[in-house]
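The values are calculated or read from the model by the stated rules, or taken from the named source; none is laboratory data. All of these numbers come straight from a predicted model, not from anything done at the bench. FYI the Cβ positions are ideal-geometry reconstructions off the backbone, even for glycines, and counts take in every protein chain you see.
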Amino acid sequence: MKIYLRMKAVKDAGDSWRPDANGTWQYVPVPDSVGKPPQWVLDAEKKGAALFYLRPGGERYSSREAAKRAAKKAVATSAAVRHGLSLTDADPNRQSIRSAVEHFLERKSRKAPRTVRNFEHILTEFIDWLPYEVRFVDQVTSPVLLKYQSYVESLPGKSGSKASPKTVHNKLLVIGFMLKSAGVARPSHMVEFPTIEEEIPEPYSTEELGKLFSAMDSFNGKGKQHEDADAFKFFLASACREQEVAHATWRDIDWAKGTYTVAAKTWNLDGIEKRFTPKNHERRTIPLTIEVMKMLRSRAKSMTGTSEPKSAAWIFPNSDGQPEGHFLRQWKKIAREADLNCGDCQSRRGEEIIEHACARPNGECHAHYLHRLRKSRATFWQENNVSLRTIQYRLGHKSLETTQKYLGVQDAIRTHEADNKPMYRVPA
């Protein structure tokens, strides 16, 4: 059975399809030859997009292997029909796993697009993995889930030889949500969730932040401020999540009070309605520093012609005028420029494990991520006597327990004076 890849393509002189960004969308047959597939197939798999099909317009899969497994199931189904075996997918008294997944995703469609995509990816992977004979929700037993857990644990992770316990935990959690939505009682008791070691938050030190923001002023040695310096100052002052910064508009800034309000918004892109929803659907207002408000006025003047605009235009747009989506990539570049890469990171290239990957010229260090700016600001607030309840509100957390996990542990240098205060006196 053929497998198709949907992509923009044109035909070459030999009447064969080849990828072309200026071409039209086509369902291109994937070569079934032995050996390394064409580069355009490998590129599609690397993106992880669900672009592989068994038939044009049919169900889609995230990789050739997933599509091949589905093809084997389809062949087995045809064989069963030819031999007169009953396929009970349409049994009115049983709920199929596919329909359960569809209903679950429909119920969750109002969540943030990134969350919905993550749910869809995990559940599609689960369906692709399922043995052919497991088609109904009541067939998803503890042994089935344990086998799936072993499969997920064997998958390659981003930096190591196997998926991390947190990744495994999150995937099992999503499967559990779907099963519970389908009426399964206590699905979380059907598996043994992996133990996740609680990581101590590592906020940036004053010295590290100084190096990072200094590196932006001489990025790539060009002697000019890095184009994203304003955005990262905003990240640090507001303690906002990446998408909350990417979707900040001038309308969200209260110029008189010096605050930024995180709020849901919709906009139109090429006739398609796009939506941003804050995590937990909560609107909240965060005070900004005098320095950042001064930066915003200067930025607004250069971008809009007025120093206090109230338009719905993005504050930090990309080159296409849309919300920026590469803040993390830029932050890692800045960390490398500031000579803060740890040098010990491990990464993966296909099946190859690369040791000390972040010590290489273009290496990216796992120690640098945008949430560290968020944790740094939260810890700064705590150390400067902002109440825990206030920090919880500003971070947009539902519980104080979550907020406490964001607060860094002070090192011995900072606590030296307090540590050496006497706790008792010996009577004379």
| Only one of Leu42, Leu5 that is closer than 25 Å to Glu102 by Cβ, modelled with pLDDT of 75 or more and among the hydrophobic types (A, V, I, L, M, F, W, C) | Leu5
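Condition check ((1) within 30 Å of Gln392 (Cα to Cα); (2) at pLDDT 90 or above; (3) outside the structural domain of Ile253 (by TED's automatic domain parsing); (4) not polar (S, T, N, Q)) across all residues:
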position: Arg275; (1), (2), (3), (4): yes, no, no, yes
position: Pro309; (1), (2), (3), (4): yes, yes, no, yes
position: Ala338; (1), (2), (3), (4): no, yes, no, yes
position: Ser347; (1), (2), (3), (4): no, no, no, no
| Which ranges mark the helices (runs of 4 or more DSSP H) fully within the range 336-423 that have 2 or more residues being among the polar types (S, T, N, Q)? | 371-383, 388-395, 400-406
| said: Every residue in the range 285-303 that is touching a Ser or Thr at 6+ places or on another chain (Cβ under 7 Å) and closer than 19 Å to Gly396 by Cβ, please. | reply: Thr285, Ile286, Pro287, Leu288
| request: Examine the range 331-340 for a residue that is within 26 Å of Val116 (Cβ to Cβ) and either aliphatic (A, V, I, L, M) or touching a residue at least 40 places away in the same chain (Cβ under 8 Å) (or both), and state whether such a residue exists. | output: yes
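Quick grid of which residues meet (1) in the same structural domain as Ser376 (by TED's automatic domain parsing); (2) buried (at least 19 other Cβ atoms within 10 Å of the Cβ); (3) among the polar types (S, T, N, Q):
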| residue | (1), (2), (3) |
| --- | --- |
| Phe232 | yes, yes, no |
| Pro278 | yes, yes, no |
| Arg283 | yes, no, no |
| Thr289 | yes, no, yes |
| Thr304 | yes, no, yes |
| Would you call Ser347 among the hydroxyl-bearing types (Ser, Thr, Tyr), within 23 Å of the chain's Cα centre (by Cα) and surrounded by 14 or more Cβ atoms within 10 Å (Cβ to Cβ)? | yes
